[in-house]
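Everything on this sheet refers to the single structure shown next.
What follows draws every value from the coordinates through simple rules; no lab data is involved. Please read these numbers as outputs of a predicted model, since none were measured by experiment. Cβ placement follows ideal geometry from the backbone for every residue including glycine, while neighbour counts extend to all protein chains displayed.
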Amino acid sequence: MARKNKPVAVEINELDDSISEVIINKVTLGTVDEKDSPLVVTFADGHTKIADSFDNAVASLLAEYNLHH
């Protein structure tokens, strides 16, 4: 039986001029560093990934969160 979708509040906090933190339900998913042209996504467990836009960076963090929750 499928679970119902529940709305989830996603918070994006600016830690620095170029670093944003993505949080869901008080759980930090990771950070997005916008300093360089290819954005660097750092996940909570420490591994990194390159993204071409801020939306894709946040989508990567959300996909990783959904995979493990």
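Taken across the range 45-62, residues that are touching a residue at least 12 places away in the same chain (Cβ under 8 Å), among the aliphatic types (A, V, I, L, M) and in a loop (DSSP other than H, G, I, E, B) do not occur at all.
Just one of the listed residues (Ala2, Ala51) is over 8 Å from the mean Cα position of the chain (by Cα) and surrounded by 10 or more Cβ atoms within 10 Å (Cβ to Cβ), and it is Ala51. Residue count for the range 13-51, restricted to those that are of a type in the set (Val, Ile, Thr) and touching a helix residue (DSSP H, G or I) at 6+ places or on another chain (Cβ under 7 Å): 4.
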